[in-house]
Every structure is written in structure tokens, then in C-alpha cells.
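Have a look at the structure below, then the notes.
The values are calculated or read from the model by the stated rules, or taken from the named source; none is laboratory data. These figures come from a predicted structure and were not determined experimentally. We place every Cβ from the backbone using ideal geometry, glycine too, and count neighbours over all the protein chains shown.
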Amino acid sequence: MNDATEYLRFFVTLIAVVDPFLAVPIFLAVTSGRRDESRARLARAIALTVFVVLSITAFVGEALLTIIGASLPSFRVGGGLVLLLMALAMLNAEAGPVRHTEAEAQEAIAGDVGGIVPLAIPLLAGPGAISTTILAAEDGGFVHRLAIVACIAIVCVLAWLVLSNAHRIATRVSLTAMNVATRILGLLLAAMAVQIMAQGLRELLPGLG
């Protein structure tokens with residue numbers, strides 16, 4: 001990953017994986033009855049949490065794989081499968097159990113958690129986003145990882161903009177329109193997931209190439 005095209009591919013994939021539009025209905029439920037200032041603080045906290053989690057992942061994720069003895073090719077296959085499951089749920093305009101369970105959503109709506117969980121983790125910065133970041137940061141130096149972090153920062157700013165304007169989006173954009181956007185992102189994510197899995201399988205089983 002050493003040219004602008006690859007960074008753009010990571011950026012687009014991460015947008016599809018994070019997909020803050022999926023978090024809008026839960027964010028609205030969690031912040032129901034709150035003042036605008038409280039909603040704004042929660043949106044900032046969620047975006048900042050996602051940034052911190054994924055940035056740390058970019059620097060230590062590959063080392064963690066080494067510690068547990070997992071190879072990058074095998075992680076490509078596993079990570080690609082996770083992304084594919086997420087993409088299939090997105091094609092149905094659903095968050096899916098990979099992002100969060102129904103119990104987690106109900107817990108957030110009931111106010112038993114602060115909102116950062118499960119909105120930031122695991123809905124936005126979940127297994128898919130973490131896997132995508134680890135794979136993008138592999139075999140790269142410090143400058144490369146800084147570029148990855150820059151891409152993460154832009155995605156988090158976009159997520160903050162969506163969540164901080166969630167109530168305006170809900171009144172001006174129909175649920176159908178948001179679902180269409182989610183399905184398009186899901187289709188892009190499915191293609192990327194298959195590509196990642198295929199690359200991992202070629203590395204694990206050279207005879208397939």
C-alpha cells in the first residue's frame with residue numbers, strides 16, 4: 001500500500017465499514033429528550049473514541065497478530081469474511097449482529113449505557129473497522145501509518161458531522177434514502193471483502209493462483 005490509489009481504497013472501504021448512517025436511528029433513540037448541547041457532546045465523544053481506537057489499531061494491530069501467532073494471510077481471510085457478513089446485512093439495510101446485537105441496542109436505548117457503547121464500540125469501531133485498519137497498516141513504516149491515521153481522521157470527521165446533525169438528517173432525509181445509501185455502501189463493501197479474502201487465500205494456498 002504505497003500510492004494514492006491504495007489510500008483512497010482504504011478510505012472508501014472504511015467509510016463503508018463505519019457507515020454512520022446506520023448509527024443515526026440508534027443515536028436518535030439514545031438522545032431522545034436530551035438537549036442539543038448534550039447531543040453535540042455525545043457526537044464528539046463517539047467520533048473521538050472511534051478515532052482513538054482505530055489509530056491505536058493502526059500502530060499495534062499487526063504486532064498483536066504476531067503475539068497471538070496469526071498470519072496476515074489468515075487474517076485477510078477471516079477479516080474479509082467479517083466484512084462480507086457486514087456487507088450482506090447492509091444490503092438488507094440492517095446493522096447486523098456483527099456490528100451489534102439487538103440486546104446491545106435495547107441497552108443503549110434504555111439508557112443503561114452512556115451512548116459511547118455501543119455507538120462508538122462496537123457499532124462504528126467494531127470488528128470490521130478494526131480488521132480493515134490492521135490490513136491497511138500492514139508492512140508499513142511510521143509515515144505510512146500516519147497516512148492511515150489521516151484517513152481515519154477524515155472518516156471520523158464525517159461520522160461526527162452525520163451524528164451531530166442526526167436530527168436534521170432524520171427530518172430532511174427519508175428513511176428510504178438512508179437505506180439506499182447503506183445498500184450502495186454494502187455493495188461496495190461486499191466487493192472489497194471478496195477481494196481481501198481472495199488475496200488471503202492466494203497467499204495461504206499458492207496453488208490457487
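Tabulated data
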{"item": "Members of region 25-42 found to be outside any loop (DSSP other than H, G, I, E, B) and either under 17 Å from ILE121 (Cβ atoms) or of a type in the set (Lys, Arg) (or both), listed by number", "result": "ILE26, PHE27, VAL30, ARG39, ARG41, LEU42"}
{"item": "Any hit, region 14-24, residues being surrounded by fewer than 21 Cβ atoms within 10 Å (Cβ to Cβ) and over 15 Å from PRO118 (Cα atoms)", "result": "yes"}
{"item": "So ALA70, is it modelled with pLDDT under 85, within 14 Å of the chain's Cα centre (by Cα), at negative phi and not in a helix (DSSP H, G or I)", "result": "no"}
{"item": "Flag for PRO118 being modelled with pLDDT under 90, over 12 Å from the mean Cα position of the chain (by Cα) and outside any helix (DSSP H, G or I)", "result": "no"}
{"item": "Any hit, region 137-148, residues being modelled with pLDDT of 90 or more, in a helix (DSSP H, G or I) and in contact with a His (Cβ under 9 Å, 6 or more places away or on another chain)", "result": "yes"}
{"item": "Candidate set: region 190-206, residues that are buried (at least 18 other Cβ atoms within 10 Å of the Cβ) and small (Gly, Ala, Ser); chosen: the one nearest to ALA93 (Cα to Cα)", "result": "ALA190"}
{"item": "Among residues of region 32-52, those that are among the hydroxyl-bearing types (Ser, Thr, Tyr) and under 23 Å from THR133 (Cβ atoms), counted", "result": "1"}
{"item": "Residue in region 40-62 that is at positive phi, out of contact with any Cys (no Cβ under 6 Å at 6 or more places or on another chain) and not β-branched (Val, Ile, Thr) present", "result": "no"}
{"item": "Scan of region 24-40 for residues that are more than 21 Å from ALA93 (Cβ to Cβ) and of a type in the set (Val, Ile, Thr), ordered by number", "result": "THR31"}
{"item": "Residues within region 150-209 that are more than 26 Å from ARG39 (Cα to Cα) and basic (Lys, Arg), tallied", "result": "2"}
{"item": "Members of region 84-109 that are in a helix (DSSP H, G or I), closer than 16 Å to PRO20 by Cα and modelled with pLDDT of 75 or more", "result": "MET86, ALA87, ALA89, MET90, LEU91"}
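Conditions (1) within 18 Å of VAL12 (Cβ to Cβ); (2) of a type in the set (D, E, K, R); (3) surrounded by fewer than 18 Cβ atoms within 10 Å (Cβ to Cβ); (4) without any contact (Cβ under 8 Å) to a residue 12 or more places away in the chain, marked per residue:
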{"position": "PHE142", "(1), (2), (3), (4)": "no, no, yes, yes"}
{"position": "ALA147", "(1), (2), (3), (4)": "yes, no, no, no"}
{"position": "ALA166", "(1), (2), (3), (4)": "no, no, no, no"}
{"position": "LEU188", "(1), (2), (3), (4)": "yes, no, yes, no"}
